[in-house]
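Here's the structure, in C-alpha cells; my notes come after.
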C-alpha cells in the first residue's frame, strides 16, 4: 500500500512538473516570437515600401496586398548618385579593411607571442582609441585634411575607417593567436623556417576564421558610419550612409526611393552577419568571449 | 626546407642584409605601423582639440595663434548649451545601456533554454539582424514608421487601440531615440551573453538544479556570478560605443525638436558647421573626450580584466 501511495504521489508531482514545463515553454516562445516580430516587422515594412508602386508607398490604411514593382530601384539606379555612393562605400570600406588587417594582425601577433613591457597598459591604450568620440577625432582631421588635400578623398576616408577598427582587430586577433599553440611555430622553426615564415605559413592559416570574422565585423562598423562622411566629404567620396541621409535633408522626401536605398544598404550586411554568425560573439566582445 | 640564412664567408648582398634586418627585428616591424597609427588617432586629435580650444581663430600656425585661455570653454558652457547636451547624452547612454543589457540577457537566457537545436539557431540568427542596419537607415525607418501622418505605428495605435499615439518625434523624442538604439544594439548584448551562457559548465548548472533551487535563484547565485567577466566586457564595450552615438539621432531628429535630443556629439557638430565656431566646438570636444576616456579607464581600473585575460 505504501508503495502505491508514494507512486501516485510521484506521478502527480511529475504531472505537475510536466504542466509547469509546458507553461514555461509556451511563455518562452511567446516572448521570443514577440521579439522576432519586433525585429522583423520594421525590416519587412521597409522592404515592402521599397517595392510599392509610386504614390502608394505611404497610403493609410496600408495596402497590405500589392503588386511589387522594382520601380523605386530603377529610379534609384538611374537618376541619382546612389550607384556612385554605393560603389564609393564598397571601395573605401573594403580598402580600409585590408589596411586595418595589414596593420593590426602582425601587431596582435607580437602582443600575443612576446613579453611586452606594460602589456595591459598597451592594450588599454589601444582600446582607448575606441573611447575617443568620433566627433572629437574628426574635428582636427577636418582641418588637417583640408591642408593636406585629403578632404573629400577616398584615401582620407579609408584612413578614418581604419581608425574605427584598429583596436578591434588588435584585440580580437591577439585573443585568436593566444588560442593557437606556440608549438606549431616551434615545429616550423625546427624545420628551418624563419619566424616570419612561421607566422605566414603556420600561424596565419590557423587564425583564418578569426581574420575572416574580424574582417567582416570591421567592414560592418565602417559601412554603417555616417559622421566621417558627413564631415570629411562633399561630393567625390560620399559614402552610402551620407547618401541615405541626404534624402532626409531634401524637402519632399521620396519615401519609396528612400526605402529602396536603405534596403539596398542593409541586405548585404545581413548576409555578412549570418556568414560570421559562429564567430560573432568572439569578434564583438573584442576577443574576450572566444569559446562557444 | 633549406635554411635561408646560411652562414657565408662572402660579404652579404644588400638584399641579404635587409632580410636579416627584417628577421632580426621582426617584432618591431610588426608593431611599428600599429603604434604609429595609434599615436595618430589618439594623441594627435586630443592634443589638437586642446590646442584649438585655447585659441581665438583656427590656424595651423602655432606661433601666430591668439591664445585666449579658457574663453572658449566659458562660451561653450554658458551659451553653447554644453551642460544641457551632457545631461542628454548621459540620459541616453544610461537608459539605453540598462535597457539593452537587461533585454539582451533575458533574450539570451530564454534562447539558451530552448529545447530544439533548430529553433535555437533560428532565434540566434534572427536576433542578430538589427545590427546590420546602419543607425542612419534606422533613423529613416523611424521616420517612415513613426511619422504622425503617414506612419504605420501611430496609425495602428490610433485605430486599433483605445490609446492616442503621441507624436514620437516631437512629444517623446528622447524615448524614441533610446528605443530605436535598443532595437539596433540589443543584439550585440544578446549574442555575447548567449555565448557566455553557453560557456557556463553544465556541471555547475546540474549541481544547482539538484539543490532544488528555483530558476531565478540559479541565475542570481550561480550563473550570473560565473558570467561576471562576460557581462563586464559586453557592457563596457557597449558603453564605449554608446558615447559614439550620432547617426541615429542626427537622422531622426537632428538634435531637435529644439535641443531636446541634442547629444554632445550633435552639439559639437552644430557648433562646427552651423555656428561656425570651431574653437568652441573643440572646447566641448576636449571636455567630452577627457570625461569619456577617464570614465572608461576608471571602470577598467576598478573592475579590472581579471578573469577575462587569464
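Here, each number is a calculation from the coordinates, and none is a lab measurement. All values derive from a computational prediction rather than experimental measurement. Here the Cβ positions follow ideal geometry from the backbone for every residue, glycine too, while neighbour counts run over all protein chains shown.
Here is how the numbers come out for the structure above:
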item: Average Cα contact separation per residue, the range A:120-210, under 8 Å, 6 or more apart, as relative contact order %; result: 27 percent
item: Max mean-square fluctuation residue, GNM over chain B, Cα-Cα springs under 10 Å, options B:32, B:195, B:285; result: B:32
item: Shielding by partners, peptide A:188-198 (average Cβ within 10 angstrom, other chains); result: 3
item: Per-residue average of Cβ from other chains inside 10 Å of B:109-115; result: 3
item: Rg ratio (alpha-carbon, reference 2.2 N^0.38 Å) - chain B; result: 1.35
item: FRET efficiency estimate (nearest 0.05) - Cβ-Cβ, residue A:87 to residue A:60, R0 41 angstrom; result: 0.70
item: For the range A:69-119, alpha-carbon Rg and Dmax in angstrom; result: 20.3, 62
item: Global geometry of the range A:20-136, whether rounded, prolate or oblate, following the gyration tensor of its Cα atoms and the 1.5 cut on a/c; result: oblate
item: Per-q log10 I(q)/I(0), the protein assembly as shown, q = 0.08, 0.12 Å⁻¹ (Debye; single scatterer per alpha-carbon; no solvent); result: -0.64, -1.30
item: Dimensionless Rg over Rh [the range A:136-197; C-alpha; Kirkwood]; result: 1.29
item: Inter-chain Cβ neighbour average for residues B:137-148, partner chain, 10 Å; result: 6
item: Residue-averaged [θ]222 nm for the protein assembly as shown, counting only DSSP H segments that reach four residues, each worth -39500 (n - 2.57); result: -23000 deg cm²/dmol
item: Gain in span if fully extended, residue A:144 to residue A:77, counting 0.36 nm per residue against the direct Cα distance; result: 20.7 nm
item: Cα shape, the range A:213-292, gyration tensor, a/c 1.5 rule; result: prolate
item: Length-normalised contact order of the range B:161-291 in % [C-alpha pairs under 8 Å, at least 6 apart]; result: 24 percent
item: Computed over the range B:140-216, the ratio Rg/Rh where both radii use C-alpha atoms and Rh is Kirkwood; result: 1.28
item: Shape category assigned to the range B:1-142 from the gyration tensor of Cα positions, a/c cut at 1.5; result: oblate
item: Label point distance in nm, residue A:178-residue B:12, each placed 7 Å from Cα along Cα→Cβ; result: 3.5 nm
item: Spacing of the two label points (7 Å from each Cα toward its C-beta) at residue B:44 and residue B:276, in nm; result: 2.8 nm
item: Computed over chain A: relative contact order in percent, which uses C-alpha pairs under 8 Å that are six or more apart; result: 27 percent
item: Cα-only Debye scattering, the range A:71-284: base-10 log of I(q)/I(0) at q = 0.07, 0.13, 0.18 Å⁻¹; result: -0.27, -0.82, -1.25
item: Value of Rg/Rh across the range B:154-197 [Cα atoms, Kirkwood radius]; result: 1.21
item: Alpha carbon convex hull of the range A:214-261, projected area averaged over orientations, nm²; result: 4.0 nm²
item: Residue B:291-residue B:215 pseudo-label distance in nm [points 7 Å out on the Cα-to-Cβ vector]; result: 4.1 nm
item: Cα-based Kirkwood hydrodynamic radius, the range B:184-308, one decimal, Å; result: 17.7 Å
